[in-house]
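The values are calculated or read from the model by the stated rules, or taken from the named source; none is laboratory data. Owing to the predicted nature of the structure, the values given are computational and were not obtained by experimental measurement. Here the Cβ positions follow ideal geometry from the backbone for every residue, glycine too, while neighbour counts run over all protein chains shown. Areas reflect the complete protein model, heavy atoms only, side chains present, ligands, DNA and RNA absent. Shrake-Rupley method; radii C 1.70, N 1.55, O 1.52, S 1.80 Å.
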Amino acid sequence: MASTILIIEDEAEIADTLRYAVDSEGMQSIWASQGRLGLAAIEEHEVDLVILDVGLPDCNGFELLKKIRLSNDLPVMMLTARSDEVDKVVGLEIGADDYVTKPFSPREVVARIKAILKRSQNGSQVQVNGFELNETARKIKYRHTPLALTRSEYILLTTLIARPGQIFSRRQLIEHIWSDQHPSDDRIIDTHVKAVRAKLHKIDPACMPIVTHRGFGYALELD
Ligand code: CA
């Protein structure tokens, strides 16, 4: 699905340049010429990224960014006429994801938009009990350390991370890991759990987030 880019900018000529650059890259642009219209557009549309001009007729872009941040963490790229380092610092402190100074190259802006979107999509991570799961990259970190997992171990751990506290029987875990040709011996799961636990233990010997429930199965301990 095409990403939707909201451009909040009062100068029509600049907005047009940006819209052209965005649209010709297969993304969809929406234009709001005032801050309040921009806020309304965020409510109305599924916006993926905002390009926000600092100098708007009805409000200051920084104030608007603060308002957006109250309810939303979607990526925001600030746009300013001044090449002022102070502005840049203020913008980034309030929570802007990037900063572009006018005059800008539309190609550069688009390249940066793509980079931010990629970052934010990759950033859709599940974080629970010391684990960071990045399903796009199929990677799991434990206490900020990347885990080297086999395919089976990865699926096993992902299954547990998806529902912390829920007890999975060995049979359920087998069905998650092997979509067909299920191994007949349930104890194969114990081997995989043991291997994963060894990898976790190496990173943090003091904790063990995978709990055995005798007679039932395994669960990821709640935070
Ligand atoms: Ca302006």
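Side notes on the structure shown:
- Apart from one condition, LYS118 fits all of (1) touching a residue at least 40 places away in the same chain (Cβ under 8 Å); (2) closer than 30 Å to SER24 by Cβ; the exception is (1).
- Unique match (being open to solvent by 20 Å² or more (accessible area, probe 1.4 Å) and free of Cβ contacts under 8 Å to residues at least 60 places away in the same chain) among ASP97, ASP87: ASP97
- Candidates ILE68, ILE7, ILE42 - the one that is open to solvent by 20 Å² or more (accessible area, probe 1.4 Å) and of a type in the set (Val, Ile, Thr): ILE42
- Sub-6 Å Cβ pairs linking a first residue in the stretch 53-66 that is closer than 13 Å to ASP87 by Cβ to a second residue that is within 11 Å of the ligand (Cβ to nearest atom) and part of a helix (DSSP H, G or I), at least 6 apart or interchain, are ASP53/GLY61; VAL54/GLY61, ordered by first then second residue.
- Criterion violated by THR17 - all others in (1) within 16 Å of the ligand (Cβ to nearest atom); (2) out of contact with any helix residue (DSSP H, G or I) (no Cβ under 8 Å at 6 or more places or on another chain); (3) closer than 14 Å to ILE113 by Cβ satisfied: (2)
- Of all the residues in the stretch 121-163, those that are among the β-branched types (Val, Ile, Thr), touching a residue at least 40 places away in the same chain (Cβ under 8 Å) and part of a loop (DSSP other than H, G, I, E, B) number 1.
- Test: residue in the stretch 66-78 that is within 23 Å of ALA115 (Cβ to Cβ), of a type in the set (A, V, I, L, M, F, W, C) and part of a helix (DSSP H, G or I): yes
Okay, residues lined up against (1) more than 16 Å from the ligand (Cβ to nearest atom); (2) among the hydrophobic types (A, V, I, L, M, F, W, C):
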residue: ALA40; (1), (2): yes, yes
residue: VAL50; (1), (2): no, yes
residue: PRO57; (1), (2): no, no
residue: ARG69; (1), (2): yes, no
residue: ASN72; (1), (2): yes, no
residue: VAL76; (1), (2): no, yes
residue: THR80; (1), (2): no, no
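- Scope the stretch 197-223; condition charged (D, E, K, R), farther than 14 Å from ILE161 by Cα and touching a residue at least 40 places away in the same chain (Cβ under 8 Å); matching residues: LYS199, ASP204
- Qualifying position, being buried (at least 16 other Cβ atoms within 10 Å of the Cβ), at pLDDT below 95 and closer than 20 Å to LEU92 by Cβ, among LEU56, LEU52: LEU56
- Residue identified as in a helix (DSSP H, G or I) and within 20 Å of LYS118 (Cβ to Cβ) among ARG36, ARG107: ARG107
- LYS194 being open to solvent by 50 Å² or more (accessible area, probe 1.4 Å) and farther than 30 Å from ALA96 by Cβ: yes
- Neighbours by Cβ (under 6 Å, 6+ apart or cross-chain): first from the stretch 164-184, part of a loop (DSSP other than H, G, I, E, B); second surrounded by fewer than 12 Cβ atoms within 10 Å (Cβ to Cβ): PRO164/LEU222; GLY165/LEU222; ILE167/HIS213; ILE167/PHE216
- Pairs where the first residue, in the stretch 3-19, is in a loop (DSSP other than H, G, I, E, B) and the second is within 9 Å of the ligand (Cβ to nearest atom), C-beta under 7 Å, 6+ apart: GLU9/ASP53; GLU9/LEU79; ASP10/ASP53; ASP10/LEU56; ASP10/PRO57
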